[in-house]
Amino acid sequence: TWLGVVIASGAAAQPSAAGAPPPALTEGVEYERLATPEPTADAGKIEVLEVFSYGCVHCYHLQSTLDVWKAQLPADVALRYLPATFRPEFRLYARGFYAARSFGQLEATHAGVFEAVWRERLPIRSLADLANVYASLGLDRARFIEAAQSADNRAAVDAAHEQMQRLQVDGTPSFIVAGRYRVLDGLIGSPEELLQRVDAVIAMERAERARRR
């Protein structure tokens, strides 16, 4: 699968958001429809939701390619992140994600947390360890811990967990398009091919919206 070759792809990989025409899709092979559509943050845009974790090495190796892809997205598409919670260490990272978001520092810290975990191999076994990482990325350590222990943070993590259950996501990275489709990653050879498949599902949703107008 693509997960086995992501490491070799590296940051030089060129995704397809504005490039080659999307491949043809077969339901049940490249994508599947969600039994119950999930509301999106902005109904005016085609939302691409990545379910990820800073503790997921495959998410880390995808991130540089995803960043390039994100920069090329057309105006009617928005990428949003949902931190996975199905393992205790993933839930810890989700607390950090929402704490950083509460300070408006999510974009500024996102790549840095991945690097701390997977390139620097920093031990992150507790909230105190995680606070050290975010402090190294410019956040005030005491305020970060306070935010990560707040009722709002717990509610955000619980909501993420509930959304994952509704989406029936059991692995990372996973992509949900428009709250209606799960992108399947079978027979994928690279992160570029995965994002080409995401592009194709986006194009399908865009065409369906045009027909409904």
task = Output the number of residues of the stretch 157-197 satisfying the condition of being out of contact with any helix residue (DSSP H, G or I) (no Cβ under 8 Å at 6 or more places or on another chain), of a type outside the set (S, T, N, Q) and closer than 18 Å to Tyr81 by Cβ.
result = 10
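Does Leu82 meet the test of being modelled with pLDDT of 95 or more, under 14 Å from the mean Cα position of the chain (by Cα) and either within 20 Å of Asp158 (Cα to Cα) or of a type in the set (A, V, I, L, M) (or both)? Working first, answer last.
Details: modelled with pLDDT of 95 or more: yes; under 14 Å from the mean Cα position of the chain (by Cα): yes; either within 20 Å of Asp158 (Cα to Cα) or of a type in the set (A, V, I, L, M) (or both): yes.
When the stated conditions are applied, Leu82 passes them.
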message = Looking only at residues that are more than 22 Å from Ala41 (Cβ to Cβ) and of a type in the set (A, V, I, L, M) in the stretch 154-199, which one is most open to solvent (accessible area, probe 1.4 Å)?
response = Leu187
task = Filter the stretch 57-79 down to residues that are assigned to a strand (DSSP E or B) and free of Cβ contacts under 8 Å to residues at least 40 places away in the same chain and give me whichever is nearest to Trp118 (Cα to Cα).
result = Leu79
task = Scan the stretch 105-121 for residues that are open to solvent by 60 Å² or more (accessible area, probe 1.4 Å) and more than 17 Å from Ile145 (Cβ to Cβ) and jot them down.
result = Glu107, Ala108, Arg119, Glu120, Arg121
ask   = Thr172 fails exactly one of the following numbered conditions: (1) under 16 Å from the mean Cα position of the chain (by Cα); (2) part of a loop (DSSP other than H, G, I, E, B); (3) more than 21 Å from Phe97 (Cβ to Cβ). What is the number of that condition?
value = (3)
inquiry  = I'd like to check something: does the stretch 85-100 contain any residue that is out of contact with any Gly (no Cβ under 9 Å at 6 or more places or on another chain) and either over 23 Å from Asp170 (Cβ atoms) or in a strand (DSSP E or B) (or both)?
reply    = yes
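Hey, among Glu162, Glu146, which residue is in a helix (DSSP H, G or I), under 19 Å from Val113 (Cα atoms) and among the acidic types (Asp, Glu)? If you could, list the steps in order and put the result at the bottom.
Details: Glu162 fails: under 19 Å from Val113 (Cα atoms).
None of the others qualify; the one that does is Glu146.
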task = Taking Ile202 as the residue in question, decide whether it is surrounded by 13 or more Cβ atoms within 10 Å (Cβ to Cβ), assigned to a helix (DSSP H, G or I) and in contact with a strand residue (DSSP E or B) (Cβ under 8 Å, 6 or more places away or on another chain).
result = yes
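I need a count of the residues in the stretch 80-104 that are among the polar types (S, T, N, Q) and surrounded by fewer than 21 Cβ atoms within 10 Å (Cβ to Cβ).
To start, the set of residues in the stretch 80-104 that are among the polar types (S, T, N, Q) comprises 85, 102.
After this cut, where a residue has to be surrounded by fewer than 21 Cβ atoms within 10 Å (Cβ to Cβ) as well, the list is 102.
Selection size over the stretch 80-104: 1.
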task = Test Ser53 against the stated conditions and say whether it is among the small types (Gly, Ala, Ser) and surrounded by fewer than 22 Cβ atoms within 10 Å (Cβ to Cβ).
result = no
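The values are calculated or read from the model by the stated rules, or taken from the named source; none is laboratory data. The structure displayed is predicted, hence computed values, not measured ones. Using ideal geometry, Cβ is built from the backbone for each residue, glycine included, and neighbour counts are taken over all protein chains shown. We work out accessible area using only protein heavy atoms, side chains counted, and drop any ligands, DNA or RNA first. Shrake-Rupley method; radii C 1.70, N 1.55, O 1.52, S 1.80 Å.
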